[in-house]
Each structure stands twice: as C-alpha cells, then as structure tokens.
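Taking it in order: structure first as structure tokens, then the write-up.
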Amino acid sequence: MQDHCDVIYSLCLLNRLDLIAPRALNRFASLIPQLALPGWNSTASQPPTEALNVHNFAYLLGTLNILKRRGIGDLYPRIELKRKPDFDRLFFGNGLTPKYPAKFTHHAWRVSHWLGGVPSILLSLSKSVSVAADAAEKRLAPSIIAINGRLNPKTGMIREYQSEFLQHAFRFAYQLRHDPDLGDLGGVAHILWVNWAMGIPYVASEQLAEASVKALARRGRFLEGVPYCLDFDLLQIARTATQAGGNAPALEAEASRYLADIEAFFAQSDLGAYTLHKFPGALATYAEAQLVTQGPGAAIDIIKDAYWL
C-alpha cells in the first residue's frame, strides 16, 4: 500500500496525476477494503490481511485527499466499506491525547507519529463524506488543542517525558547514531502539519523558525545523506513558522541551496539504491524551496492538500 501512496504523492508533486490510468486507480481502490485501519472495526466475514499503523493510515488518507481534490476520484467510500468507526481506540482515557506506546515517551520522533497522525486522520475524515465525518470533526478541535497544550511553551517541542534525568540519558544514547535536535524538530513537524492545514498558530513559532533554520545551515547537502522527508520537515517548519510570526532571515538562502542540491542529486546520482519511499520527501522539499524563493502559488503546498506526508 505504501508504494501506491508514494507513486500518487510523487505524481501530484510533479503535476502529473494525469498519468494514472483508470485500471490502476481501480486496482488501488480494491486494496483498501483489505486493510485493518486504526480507529475502525471490521465487519467483514473475512478479517483484513494487512494492518496499517496510524502513520500509514494518515498517509493513505492523504493520498485519498490528493485524488479527491485533484478530481481523479473519491475513494473515501472504500474506507467505510464493511467497517465501523471506533475512535475511542485511538485515545488515552481522557479522550483527547492520542494513545501511543509508553516505551516511546522519551522519543519525540516516535511519539509524534501518534500525536500528529491521529489528528491528521480526524481532519481528513472530517472533510470527507463518510459516515465518520461528524464524529471526526467533533473530536478534532479538542484533540489538537490538547496536543498543542502539551508542547513545551518555550521551544514548541514535544515534551511527553516526566523525568529530565531519563531524558538526558536517552538523548546521550540517541546521539550515538542520530542527531537528537533533528529528531525533536522532525517529530514536532508531524503536529505542526495539522496546525498549518487548520490555520492554527504554532506554539513558540519564533523559536521553531530559528531552530529549524540553524539546523538546515549545519547540513551538508542533505540531512540524511540523500534528499528525504527530514529535509522537508525542517524546511516546512522554517517556512510556515516564519509566516506564523517567527524570524528566519537565512531561510531564502537555505531554500535556494536546496533547489540546487536536489537538482544536482537527480542529475548526477546513481539512483539504483534510492528507494521509492524517498521520492515524495525529495519532491516535497523541492516544492517547499520553491514556495520560499518564489512565493505562494509557485508550487504545491502538499500539507494544505493532503494533511500528511
């Protein structure tokens, strides 16, 4: 399923959704009823063969949003085929905070897939004509308000942990393989996407803009060696936090550098080891860079269209 979504996102970002053949769309649609979806109970006689996690379900709905908005087809009826919504399963007992595994409390990037993914799912469903639209809309606003209220008001970052000592220990271990600051920014991006799509001001927008631009300035060509989603995450934070009131004077220079670096990568690199799932992240980063350097309307604002990436 992910491969199908990757192709549709990529074609959207390339403005080539016209390449989708009707039989390909029908094949994609036929796969949806076979999936077990978070927040939905199956009523089919045969249980679904593949289960999606919250992140991939938000990605699937993002794909459906693209297809619907661009006039390719409305596949939302396939979501509710032989299923009933049960959104209580997505939340802790308070009904406001998305439920995530407690073992990830100190891992902002991991936790963010639930904290951002669940409201993205609700936002997508609320805009559909499915049987779950009203229930999703009622849950959405209280949930995103509660999630924003859990962010650190000084930095805008995710702060689900309770122990500062354990958090320092986690960051020390994490930095042996990854940059914990990039993990924090890449994590909160998942929550900010929903805020951006809904027009909700960011918590600590100025600090987020400054932190993301500084992180971009430290990169080589790309944050993960090749163009991928983390590049998009930080550039999109920098652009939207700046528009939301932050201050990032070096943003245009970084965006221009991304345009050149991505063009050079695809022109010169051996793409044999470059996986399909990386293409949407690279193309979305390029579109973000165009939006920064050329202004609104210069490229697709993919989060406004899809609510997830």
Burial ranking of peptide ranges 81-87, 231-237 (average Cβ count within 10 Å, highest at the top): 231-237, 81-87
D (Stokes-Einstein, µm²/s), Kirkwood Cα radius, region 204-309, 0.692 mPa s at 37 °C: 239
Additional length obtainable on full extension of the chain from Met198 to Ala260, 0.36 nm per residue less Cα span: 19.2 nm
At q = 0.13, 0.21 Å⁻¹, base-10 log of I(q)/I(0) for region 49-104 (Debye sum, equal scatterers on each alpha carbon): -0.46, -0.97
As computed over region 193-236, the Cα convex hull volume per residue (Å³): 63
Full-stretch length increase - Leu14, Gln175 - with 0.36 nm per residue and alpha-carbon distance subtracted: 54.4 nm
All-pairs alpha carbon distance profile, region 1-155, 5 Å steps from 0, percent: 2, 9, 17, 21, 18, 15, 10, 5, 2, 0, 0
Using distinct alpha-carbon pairs, which all enter the 1/r mean, Kirkwood radius of region 65-213 in Å: 16.6
Helix-only [θ]222 nm of the chain, DSSP H runs n ≥ 4, -39500 (n - 2.57) each, per residue, nearest 500: -17500 deg cm²/dmol
Given charges at Cβ of Lys, Arg, Asp, Glu: the chain dipole, positive-most of Trp196, Ala282, Phe92: Phe92
Ala51-Asn26 pseudo-label distance in nm [points 7 Å out on the Cα-to-Cβ vector]: 3.3
Size-normalised alpha-carbon gyration radius of the chain, reference 2.2 N^0.38 Å: 0.98
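Read-outs throughout are calculated quantities, based only on the coordinates presented, and are distinct from any laboratory measurement. Please read these numbers as outputs of a predicted model, since none were measured by experiment. Using ideal geometry, Cβ is built from the backbone for each residue, glycine included, and neighbour counts are taken over all protein chains shown.
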